[in-house]
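No lab work stands behind these numbers, since they all come straight from the coordinates. These figures come from a predicted structure and were not determined experimentally. Quick reminder, even Gly has a Cβ in these numbers, built from the backbone with ideal geometry, and neighbours come from all protein chains shown.
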Amino acid sequence: MADLSKEQRTTVEQREQYGRELDARNAAMENIEVPLENRALADHEIPPPLTEEEVRAKVGNQNYQNATDDNAPTSIGS
């Protein structure tokens, strides 16, 4: 910022105004109503865990085998 000419620099008032506008925008976002489908589920709404067959159906048999039967080390340092 020090290398900008005096005409290109913002004034204290401009920076303060920008800060107030940004704060107002953030405050407006904090009070947004979350759609029902995006809300966290209550304990009684949480579905039971998937069975192995259901997981295989969702991700594919080969992906499931690769994820569960991987013999490669999980980290470089191991």
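Suppose every K and R has +1 on its Cβ and every D and E has -1 on its Cβ; what is the size of the dipole of the chain about the Cα centre, in Debye to the nearest 20?
Numbers: 8 positive and 16 negative charges, 79 e Å.
Using Cβ point charges on Lys, Arg, Asp and Glu, the chain gives about 380 debye.
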- Unit-weight point scatterers at every alpha-carbon of the chain, Debye formula, q = 0.28 1/Å: log10 I(q)/I(0) is -1.20
- Using the Karplus equation 6.51 cos²θ - 1.76 cosθ + 1.60 (θ = phi - 60°), what ³J(HN,Hα) coupling, rounded to whole Hz, does each residue of the range 22-33 give in order, writing x for Gly and Pro? 5, 4, 5, 5, 5, 5, 5, 6, 5, 9, 6, 6
- Estimated vicinal HN-Hα couplings, Hz - the range 58-64 in sequence order (Karplus 6.51, -1.76, 1.60; Gly, Pro = x): 6, 9, x, 4, 5, 4, 5
- Apply the Karplus parameterisation 6.51 cos²θ - 1.76 cosθ + 1.60, with θ equal to phi minus 60°, to every residue of the range 40-53 and state each ³J(HN,Hα) to the nearest whole Hz, in sequence, with x for glycine and proline. 5, 7, 6, 4, 6, 9, 6, x, x, x, 6, 7, 4, 5
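Looking at the chain, which longest stretch skips every one of the trypsin sites (Lys or Arg not before Pro) that is in a DSSP loop with at most 10 other Cβ atoms within 10 Å, leaving the sites themselves out?
Numbers: sites that count: Lys6, Arg39.
Excluding the exposed sites themselves, the longest stretch runs over 40-78.
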